Structure formats: C-alpha cells, structure tokens
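S.K.: The structure's right below; bear with me while I get my questions together.
The values are calculated or read from the model by the stated rules, or taken from the named source; none is laboratory data. A quick note: this is a predicted structure, and the numbers were derived from the prediction, not measured. Please note: Cβ atoms are built from the backbone with ideal geometry, for glycine as well, and neighbour counts cover all protein chains shown.
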Amino acid sequence: MGILAPRAFVSFSGGKDSHLSLWKAKQAGLDVVMLLSMLREDGERSASHRIPAAILRRQSEAMGIPILLRPTSWAAYEENFLACLFALKERGITFGVFGDIDVMEHREWVERVCQKAGVIPFLPLWGKDHKEVALEVGRVGFEAYVIVVKDGSVPQDFLGRRYDEGLVAELLALGIDPCGEGGEFHTLVVSGPPYRHRLPYTFGNPQFDGKCHYLEVW
C-alpha cells in the first residue's frame, strides 16, 4: 500500500502567484484538494484582486479542485480565515500553500494563523528572485492578464494586457516590481497546467474605486 500524499489547500486569489504556488505544491508532492478564497464583505468579489466570486468558482471547476469562499470584513479577516483553517483541518487537510515572496509581515501572519490551526504553511515562492518568479509564470504555461493596477503605480493602459515576458520587461524598465508584491497590480489566470479547459471570460470597461483601476470580468 502506497503512502498517501499530504492533503493541502491553496490560499487562492485567482491570480498568477497563487496558481504558480499551486503548481509547485503539486510538484512537491502535496495533494491539493481545496482552494480557499476570502471575499469582500458583500461576498461578490475577492478581497484584493476584485475577481467576482463567479469567476473564482469557474476557475475551481476548470481545475477540478473545490473552492471554499468566505466573505469577510477587513476587521474580521483573521477571525474568518482562522475559522476556515479549523474547518479544513477537520477535513484532514494539514498543509496550507501560500504565494508570498518576500514580505516578512505577510509570512509572519501566515505562520501565526497556521500555528493556531495546526496547519503546516508551505511557501514555495519565498525568497525567490522576483524576475525569475515573474518569468516562470509563463514558462510553466500559465496564461494570465492584468486586471487591476494601483493608481499612480502602474499605467492604466496595462489593464487587459497579457502577463508575459514582454510585459515583465516593460515593468522592469519602468522600475515596477514585476511580481506586484506590493499590490502594484493584480492578474487573472485563465489557463495553465492544472486546467482541464481554458476559462471562458469577458473583460468589461475599466472601473475606478478611488484606489485602483480594474476591469470588470464575467
């Protein structure tokens, strides 16, 4: 009888880093059995990427991995995230996969909440060179598009552009972190190694929420 792979969830944004981390977790031998996405309080969009819940469900279905969606306010974010971790641990999920690269405050938070829930954090991108991480997204076969840009940080005309080697070069030339680790921009992945079929999607007109320009997606 073979040894069962450890069961894991992925802290899932719908963007490039969570997808690359998912792929690396599978390569490392983890059995990714759940995606976890935190939504805004109204339950309509993801907390940071502004991706509609319906699109996150569509990504989940395209990969054949169930998703747990949890609405929350920012004030209650940790409380709600922890509640999800405890629920996942009860299902036999012992690892959590996170896409952080080098923001120590984020890592410390991840380690703290995982310790409380008895879950082992796995951060496969941690400490990697940002340019290499950015280029690896395309090299392994992920198709991603820029859907959010922070006002004053990234030109608005980057919205809707494919996140590829050419775009990475432009970001570097402008002095912008090609991974957007500081929230400069966010992406939507529509296909890649875990996908059984390409995600159907449509981009709408750019919107502005006072902080970021973003594309409606449906």
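S.K.: I'm told A47 meets every condition in (1) more than 22 Å from H106 (Cα to Cα); (2) of a type in the set (A, V, I, L, M); (3) at pLDDT below 95 except one. Can you identify the failing condition by its number?
M.R.: (1)
S.K.: Same structure, new question: For residues that are among the aromatic types (F, W, Y) and at pLDDT below 95, tally how many sit in the stretch 1-41.
M.R.: 0
S.K.: Quick one: how many residues across the stretch 175-196 are more than 19 Å from K211 (Cβ to Cβ) and either free of Cβ contacts under 8 Å to residues at least 24 places away in the same chain or basic (K, R) (or both)?
M.R.: Looking only at that region, the number is 2.
S.K.: Being outside the structural domain of S60 (by TED's automatic domain parsing), without any contact (Cβ under 8 Å) to a residue 12 or more places away in the chain and surrounded by fewer than 14 Cβ atoms within 10 Å (Cβ to Cβ) is the requirement here; does D157 meet it?
M.R.: Criteria met by D157.
S.K.: Limited to the stretch 38-62, what total is found for residues that are free of Cβ contacts under 8 Å to residues at least 60 places away in the same chain, touching a Lys or Arg at 6+ places or on another chain (Cβ under 8 Å) and either in a helix (DSSP H, G or I) or not small (G, A, S) (or both)? Give the steps one after another, and end with the answer.
M.R.: So the first thing to find is which residues in the stretch 38-62 are free of Cβ contacts under 8 Å to residues at least 60 places away in the same chain, and the list is 38-47, 53, 56-57, 60-61.
Filter once more, so that each one left must be touching a Lys or Arg at 6+ places or on another chain (Cβ under 8 Å): 38-39, 46-47, 53.
Narrowing further to those that are either in a helix (DSSP H, G or I) or not small (G, A, S) (or both): 38-39, 53.
The total comes to 3.
S.K.: For R162, are the conditions met, namely being at pLDDT 95 or above, surrounded by fewer than 17 Cβ atoms within 10 Å (Cβ to Cβ) and assigned by TED's automatic domain parsing to the domain that holds C212? Let's see the steps before the verdict.
M.R.: Values: at pLDDT 95 or above: yes; surrounded by fewer than 17 Cβ atoms within 10 Å (Cβ to Cβ): yes; assigned by TED's automatic domain parsing to the domain that holds C212: yes.
Taking the combined requirement at face value, the residue satisfies it.
S.K.: Mind checking whether some residue in the stretch 21-44 is exposed (fewer than 15 other Cβ atoms within 10 Å of the Cβ), over 23 Å from G138 (Cα atoms) and among the hydrophobic types (A, V, I, L, M, F, W, C)?
M.R.: The answer is no; no qualifying residue exists.
S.K.: Same structure, new question: Which condition number does G29 fail, the rest of (1) small (G, A, S); (2) in a strand (DSSP E or B); (3) without any contact (Cβ under 8 Å) to a residue 40 or more places away in the chain; (4) more than 28 Å from T202 (Cα to Cα) being met?
M.R.: Failed condition: (2).
S.K.: Also, quick follow-up: Spot the failing condition for G182; the list is (1) closer than 19 Å to V103 by Cα; (2) at pLDDT 95 or above, and only one is missed.
M.R.: It is condition (2) that G182 fails.
S.K.: To continue, here is another question. Could you list, in sequence order, the residues of the stretch 61-96 that are within 15 Å of the chain's Cα centre (by Cα) and farther than 10 Å from L36 by Cα?
M.R.: Scanning the stretch 61-96 gives M63, I65.
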